[in-house]
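Working notes, structure below.
The values are calculated or read from the model by the stated rules, or taken from the named source; none is laboratory data. Just so you know, these numbers come straight off a predicted model, no measurement behind them. Using ideal geometry, Cβ is built from the backbone for each residue, glycine included, and neighbour counts are taken over all protein chains shown. Keep in mind that these areas ignore ligands, DNA and RNA; they rest on the heavy atoms of the full protein, side chains included. Shrake-Rupley method; radii C 1.70, N 1.55, O 1.52, S 1.80 Å.
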Amino acid sequence: MNLSNKFGKVLVLAAHADDETLGCGATIAKLTSANVSCHIHVLTGIGDTKHPLFNIETIENIRCEFRKAINHLGSPKYSFANLPAALLNDIPTHLVNSEVKSIIEKIQPNTIFAPSSNDLHLDHKIINYALRVAARPYLKSNSNLREIFEYEVLSETNIFSDQPSYIFQPNLYIDINDFVQNKLDAFSEYKSQMQESNQPRSIEGIRTLAMYRGLNVGFDFAEAFKIIYQKL
């Protein structure tokens, strides 16, 4: 398969630095190795006013970890927005919508990866909603957009999924056998986010999910996605 023809120009929306690695890190590595243009946009930061939960040093530290991490993913292009992390539900919806719309207009992607609409973290839900608003397929500005995929984040996806509609049900699997180590090496750079081995955000947790998703479709390792829009 010619990955460049399949995916075209790719935009990865990440609510927070590390979501990109957890959700589709090996896929990013696979695409960049095939010379597919990939751009990661991290939407949150410290915000424009004093943040009640984080200080600037915390945000800068994780952004430093992000820069080290994506070196393992083929060094894709990236950018940072500054919406207040963990507080997207406290700011006007139009600000989030505008940020997502702006990066789509700037990058003009053919394919977009984004967090799941059913994730526990409200930031993920709100960004997914903003994407759906910005990427409405009938808008002329989205004529180049062919596909939108939701990715899963270990510590946020399928948590308290007590309704069938909340369960992440993938319908796209990407073979990452040659790139799973890139994903593990990338997440190893996130020292501030690493959890113990029996927790989701651990090397063991990431590897286990990749192996399980591979078992679903006969690969050694896979990343799984949900297609929410596709134009052939």
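Side notes on the structure shown:
- Convex hull projection area averaged over all views, segment 1-74, Cα basis, nm²: 5.2
- Stokes-Einstein diffusion of segment 121-217 at 25 °C, 0.890 mPa s viscosity, Kirkwood radius from Cα pairs, rounded to a whole number: 155 µm²/s.
- Bridge orientation summary for the chain: considering DSSP beta bridges with both residues in this region, about 30 percent are antiparallel.
- With protein chains left intact and a 1.4 Å probe, residues in segment 115-232 average 52 Å² of accessible area per residue.
- In this structure Glu147 has an accessible area near 10 Å², from a 1.4 Å probe over the protein heavy atoms.
- Label sites at Asn2 and Lys50, each approximated as a point 7 angstrom past Cα along Cα to Cβ, lie 5.7 nm apart.
- The accessible surface of segment 158-201, taken with every protein chain in place and a 1.4 Å probe, is 45 percent carbon and sulfur.
- Projected-area mean, segment 52-188, by convex hull of Cα positions, square nanometres: 9.9
- Here segment 154-231 and segment 2-48 have alpha carbon centers that stand 15 Å from each other.
- Potential lengthening between Glu60 and Ser33 on full extension [0.36 nm per residue; Cα-Cα distance subtracted]: 6.9 nm
- Size of electric dipole in the chain: Cβ of Lys, Arg +1 and of Asp, Glu -1, about Cα centre, debye, nearest 20: 880
- FRET efficiency, Ser141 to Ser98 (Cβ-Cβ, R0 22 Å, nearest 0.05): 0.95
- Lysine pairs meeting the criterion (Cα under 20 Å, 8 or more apart or interchain), as found in segment 5-78: 7
- For Asn110, neighbours were defined as the other residues whose beta-carbon sits under 9 Å from its Cβ, and their charges (Lys and Arg +1, Asp and Glu -1) total +1.
- Compactness index (Cα Rg / 2.2 N^0.38 Å), the chain: 0.95
- Net charge in the neighbourhood of Val153 (other residues with Cβ under 14 Å of its Cβ; Lys, Arg +1, Asp, Glu -1) is -4.
- Across the accessible surface of segment 59-155, with the other protein chains kept in place and a 1.4 Å probe, carbon and sulfur atoms take up 54 percent.
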